[in-house]
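**Student:** Would you mind keeping the following structure in view while I ask a few things?
The values are calculated or read from the model by the stated rules, or taken from the named source; none is laboratory data. Since the model is a prediction, treat every value here as computed from it, not as a measurement. All Cβ positions, even for glycine, are placed from backbone atoms using ideal geometry, and neighbour counts span all protein chains on display.
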Amino acid sequence: MSATAINQDMLLAVVEAMPGDKLAEARRAAAFRFAELGFPTVGQEDWKYTNLSVAAELGNEWLDAYVANGGQESDSRTGNLIAAVQNRIDAYWIILRDGFVDSNLPDVDGIRVSRIAEQGHRPLEGADAMSVFNTALLRDGLYVRAEPGAVPDKPIGILIIDNPENAMSQTRVMIDSGENSHLRIVECCLSSEAGRQFTNSIFEADLADGATLDHVRIQNRDEAHVSVNKLSAKLRRDSNFNHNSFDLGGALTRNDVNAEITGEGASVNLNGLYLAAGDQHIDNHTSIVHGVGPSTSEEEYRGILSGRSRCVFNGKVIVSPGADGTDSRQSNHNLLLSDRAEIDTKPELEIYADDVKCAHGATVGQLDETALFYLRTRGLGLDHARRIITRAFAAGTLSTLAVAECHDYLADVLDQRLANLIDAKQ
Amino acid sequence: MLEVKNLKASIGGKEILTGLNLSVKAGEVHAIMGPNGSGKSTLAQVIAGHADYEVTSGAVEFLGKDLLDLDPEERAREGIFLGFQYPVEIPGVNNAYLLKAAVNAKRKHHGMDEIDAFEFLKLAREKMTMLGMDPVFLNRGVNEGFSGGEKKRNEILQMAMLEPSLAILDETDSGLDIDALKAVANGVNSLRDPERAIVLVTHYQRLLDYIEPDYVHVLSGGQIIRSGDKSLALELEDRGYEWVVEAASA
């Protein structure tokens, strides 16, 4: 067995040993299915830049530990971590710790929140290997349902804290947005301590007619963390999905964002910012399917890369036959602060309808020397000038922030992260 | 205040300034005129410290200091201001932020406390009124989406806030309609002071109708080939540059 593969026998043994809760049956089916799939490899087109061998290694470590200790997870020390976020972002907070729900569930008018291992769940979706793997080892997860017309006064906050002492965790959040509801969700993904760990997360949302879902994910994990994150949203008639992602931490981060428009008048907004330093690797694969028209999608990802970091942007837009009136715009802009950083950016448009507007563009560049000189002639030092131009580039993504409550917190963590990036730009 | 001696400077191996001499004293207004490609903008950029220009010989002294030893930001903090011919758009960097950072960089350099936020706003609003600028420009990105005239007014606003000892204004009059020209000239004139020197780099006599210079210089082939008082500018307007160039090479 190669080092890049999950030990299948061990996986089946662990799944058999897991509790007989409402997820048991789905886990068992998924474990057998995963045996046929295995982790994606760089031989697959969608994974050619991202190697999951570290994730597999950590997965096997976790399976070994489960057999040894019966699935006892180490407690994480997170007191200050939690307060630092909750004091800054006004939201109804829920804590997910290493894949377990570890807080009381909020009581919000028109919103039902439950634990899927306890209360049951709708079918767990996703036929791809990482989703199947997630299902096979899922210990618990969150189900959030917004009743028709519900418009909570504050966002739901999900604080996802993983502890490197536990080598791996599976996280799953399922959202049902009822007709004409307007749900706002902030996810903060943090590590409780420094160290290697692999998180495999799934966020899946179903938006009924006229529903709006605003979703912001702030990923600021430890620099050794590895994560594979799948986000999928299904949009019915006149629904709106607005998503911002901020990837600041992690050694290796892979995001798959899939939005599927199945109803007329729906709109998708995807906005991403990735800041990579050192040897960080951040891979964003997005896919927007315009199944019907008229419908709109707007997508803008920005990246700032320093050190020997490597980032990937792959933006797929599919306009299905008959989806006339589709209006789609996509852009990816990158700022390289170092000669050794690398970005691979690729738009992929597949258009099978006639009456559509699709625009896309990508740029890769360095800091503008003319602008730097201009600022210096105003008395600003070179580092200061670099910092504010870089910050301005990043801050462009805050102007489309879907959940205003996290603006100030984000602006602060962005500033800290950018200062590191600029100081260590080589 | 400013002593330029036998200055030679080149860009990409091409010599643009070929031995330029210029002496500017406090309280004076100098106009530097000359045909296209004569080196006017190069002189402005070299004094401000643009790294693309290589000074191959000569000296530039500012208030007794060797200017060529200083980084652009140090020159600015010492009191040099360059008004750009093409002010740079910096999307996302707030105009008020830049103004305040610039003022504070200079204050810090001179051992002063940072400017009080209220004081800063009051001062900025005053200067903007004088320049006919809407205060909303404070909250826009630096020159982002500004018209040509707005950009030039914004340069003068920065100058007015920074109160430099030496202001070099590179083609500040280009692209301005008559109202904007008057507003800009008004701003420059309000800064005339016995302690301050102003160097206007310009193609046309028109600006000098509004800002009256003490000295007019003709720059050609990278050197100052003739100097005079404001009547020289009028003569240039009448007769062009050719006769000066011919007289100099005779």
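**Student:** If A:D408 passes every condition in (1) at pLDDT below 90; (2) in a helix (DSSP H, G or I) but one, which one does it miss?
**Tutor:** Only one criterion in (1) at pLDDT below 90; (2) in a helix (DSSP H, G or I) is unmet by A:D408, namely (1).
**Student:** Name the single residue that is nearest to B:G79 (Cα to Cα) among those in the range B:132-168 being of a type in the set (D, E, K, R) and touching a strand residue (DSSP E or B) at 6+ places or on another chain (Cβ under 7 Å). Quick ask: steps written out before the conclusion?
**Tutor:** We begin by selecting, within the range B:132-168, every residue of a type in the set (D, E, K, R); these are B:134, B:140, B:144, B:150-153, B:155, B:163.
In the following step, the residues that additionally are touching a strand residue (DSSP E or B) at 6+ places or on another chain (Cβ under 7 Å) were identified as B:144, B:155.
Numbers: B:E144: 26, B:E155: 15 Å.
Selected residue: B:E155.
**Student:** Separate question: Suppose we keep only residues that are of a type outside the set (V, I, T) and surrounded by 23 or more Cβ atoms within 10 Å (Cβ to Cβ) within the range B:198-207. Which one would you say is farthest from the chain's Cα centre (by Cα)?
**Tutor:** B:L207
**Student:** Go through the range A:225-273 and give me each residue that's among the hydroxyl-bearing types (S, T, Y) and closer than 14 Å to A:E299 by Cβ.
**Tutor:** Listed by number, the residues that qualify are A:S245, A:S267.
**Student:** While we're here: Looking at A:G195, A:G149, A:G126, can you tell me which residue is surrounded by fewer than 21 Cβ atoms within 10 Å (Cβ to Cβ) and more than 26 Å from A:I261 (Cβ to Cβ)?
**Tutor:** A:G195
**Student:** Condition test on B:P87, is it part of a strand (DSSP E or B) and under 22 Å from A:L367 (Cα atoms)?
**Tutor:** Values: part of a strand (DSSP E or B): no; under 22 Å from A:L367 (Cα atoms): yes.
Spelling it out, it is not the case that B:P87 is part of a strand (DSSP E or B) and under 22 Å from A:L367 (Cα atoms).
**Student:** For the range B:33-40, check the following and say yes or no: at least one residue is within 14 Å of chain A (Cβ to nearest Cβ) and under 30 Å from B:E246 (Cα atoms).
**Tutor:** Within the range B:33-40, the subset within 14 Å of chain A (Cβ to nearest Cβ) is none.
Among the residues of the range B:33-40, not one is within 14 Å of chain A (Cβ to nearest Cβ) and under 30 Å from B:E246 (Cα atoms), which makes the answer no.
**Student:** Still on this structure, please answer the following. Return the only residue of A:N284, A:N271, A:N258 being in a strand (DSSP E or B) and over 23 Å from A:Q44 (Cβ atoms).
**Tutor:** When all the criteria are applied, what remains is A:N271.
**Student:** Does B:Q45 satisfy the condition of being within 11 Å of chain A (Cβ to nearest Cβ) and within 30 Å of B:E246 (Cβ to Cβ)?
**Tutor:** Considered against the rule, which asks whether it is within 11 Å of chain A (Cβ to nearest Cβ) and within 30 Å of B:E246 (Cβ to Cβ), B:Q45 comes out as yes.
**Student:** Scan the range B:78-109 for residues that are more than 9 Å from chain A (Cβ to nearest Cβ), within 13 Å of B:E163 (Cα to Cα) and in contact (Cβ under 8 Å) with a residue 24 or more places away in the chain and jot them down.
**Tutor:** Across the range B:78-109, the qualifying residues are B:E78, B:G79, B:G83.
**Student:** Something else now. Which of the residues spanning the range A:337-378 are assigned to a strand (DSSP E or B), surrounded by 14 or more Cβ atoms within 10 Å (Cβ to Cβ) and either touching a Ser or Thr at 6+ places or on another chain (Cβ under 6 Å) or within 14 Å of chain B (Cβ to nearest Cβ) (or both)?
**Tutor:** Passing the criteria: A:V356, A:C358, A:A362.
**Student:** Being surrounded by 14 or more Cβ atoms within 10 Å (Cβ to Cβ) and charged (D, E, K, R) is the filter here, so list the residues in the range A:12-30 that pass it.
**Tutor:** A:D21, A:K22, A:R27, A:R28
**Student:** Cβ-Cβ under 8 Å, sequence separation 6+ or interchain: first residue in the range A:380-398 and closer than 18 Å to B:V103 by Cα, partner in a helix (DSSP H, G or I) and hydroxyl-bearing (S, T, Y). Which pairs?
**Tutor:** So the pair list comes out as A:I388/B:Y97.
**Student:** Restricting to the range A:269-322, and then to whatever is aliphatic (A, V, I, L, M) and without any contact (Cβ under 8 Å) to a residue 40 or more places away in the chain, can you tell me which residue is nearest to A:N258 (Cα to Cα)?
**Tutor:** This residue is A:V289.
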